[in-house]
1. Only one residue in Gln97, Gln69 is surrounded by fewer than 17 Cβ atoms within 10 Å (Cβ to Cβ), under 30 Å from Glu121 (Cα atoms) and polar (S, T, N, Q), so which one is that?
2. Can you name the residue in the stretch 82-93 that is hydrophobic (A, V, I, L, M, F, W, C) and over 19 Å from the mean Cα position of the chain (by Cα) and, of all such residues, is farthest from Ala22 (Cα to Cα)?
3. Looking at the stretch 100-122, which of its residues are surrounded by 14 or more Cβ atoms within 10 Å (Cβ to Cβ) and farther than 15 Å from Ala28 by Cα?
4. Of the numbered conditions (1) surrounded by fewer than 20 Cβ atoms within 10 Å (Cβ to Cβ); (2) farther than 14 Å from Leu113 by Cα, Lys13 fails exactly one; give the number of that condition.
5. Within the stretch 67-122, can you find the residues that are in a loop (DSSP other than H, G, I, E, B) and among the aliphatic types (A, V, I, L, M)?
6. Can you tell me how many residues in the stretch 21-47 are loosely packed, with under 14 Cβ neighbours inside 10 Å, assigned to a helix (DSSP H, G or I) and either small (Gly, Ala, Ser) or in contact (Cβ under 8 Å) with a residue 60 or more places away in the chain (or both)?
7. Scanning for something charged (D, E, K, R), within 20 Å of Tyr38 (Cα to Cα) and touching a residue at least 24 places away in the same chain (Cβ under 8 Å), does the stretch 85-98 turn up at least one residue?
Amino acid sequence: MKEPSMQSYKDLKVWQEAMNLAECCYRATKPFPKEETYGMVAQIRRAAASIPANIAEGYGRRTRGEYIQFLYIAQGSLKELETHLFLSIRVELASSQSISPVVNQCESVGRLLLLLIRSLEK
């Protein structure tokens with residue numbers, strides 16, 4: 001299932017980029033209003049952290065099918081994250097200028113996830 005050069009999920013480019021994305025989300029939500037700490041901030045951070053966590057959890061599973069299932073869960077969290085980011089712009093919690101780079105990172109992680117899923121499904 002795993003390539004011999006892969007010692008850990010931490011070696012996966014998609015996991016590394018998902019961690020970068022989560023870090024970006026934490027930084028991007030820092031200036032949000034304090035009253036959003038348990039609202040939009042928590043939603044964005046939870047969805048962002050869920051992406052690399054599900055990639056790692058899937059990697060640790062016994063079967064390829066289980067691994068793929070967790071990658072699809074990560075993909076779902078990614079779409080949820082994008083939605084929260086777009087909504088935060090619409091309700092003026094953040095500027096599109098501050099959120100655009102995060103959305104671009106989402107798209108990059110999405111492409112990598114899809115490539116990994118496709119390679120595992122072959």
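1. So the residue among Gln97, Gln69 that is surrounded by fewer than 17 Cβ atoms within 10 Å (Cβ to Cβ), under 30 Å from Glu121 (Cα atoms) and polar (S, T, N, Q) is Gln69.
2. This residue is Val91.
3. Matches in the stretch 100-122: Ser108, Val109, Gly110, Leu112, Leu113, Leu116, Ile117, Leu120.
4. In the conditions (1) surrounded by fewer than 20 Cβ atoms within 10 Å (Cβ to Cβ); (2) farther than 14 Å from Leu113 by Cα, Lys13 misses (2) alone.
5. Across the stretch 67-122, the qualifying residues are Val91, Leu93, Ala94.
6. Residues meeting the conditions: 1.
7. The answer is no, given that none of the residues of the stretch 85-98 is charged (D, E, K, R), within 20 Å of Tyr38 (Cα to Cα) and touching a residue at least 24 places away in the same chain (Cβ under 8 Å).
Taken together, the values in this text are just the output of simple stated rules run on the coordinates, not laboratory data. These numbers come from a predicted model, not from an experiment. Virtual Cβ from ideal backbone geometry, glycine too; neighbours counted across all protein chains shown.
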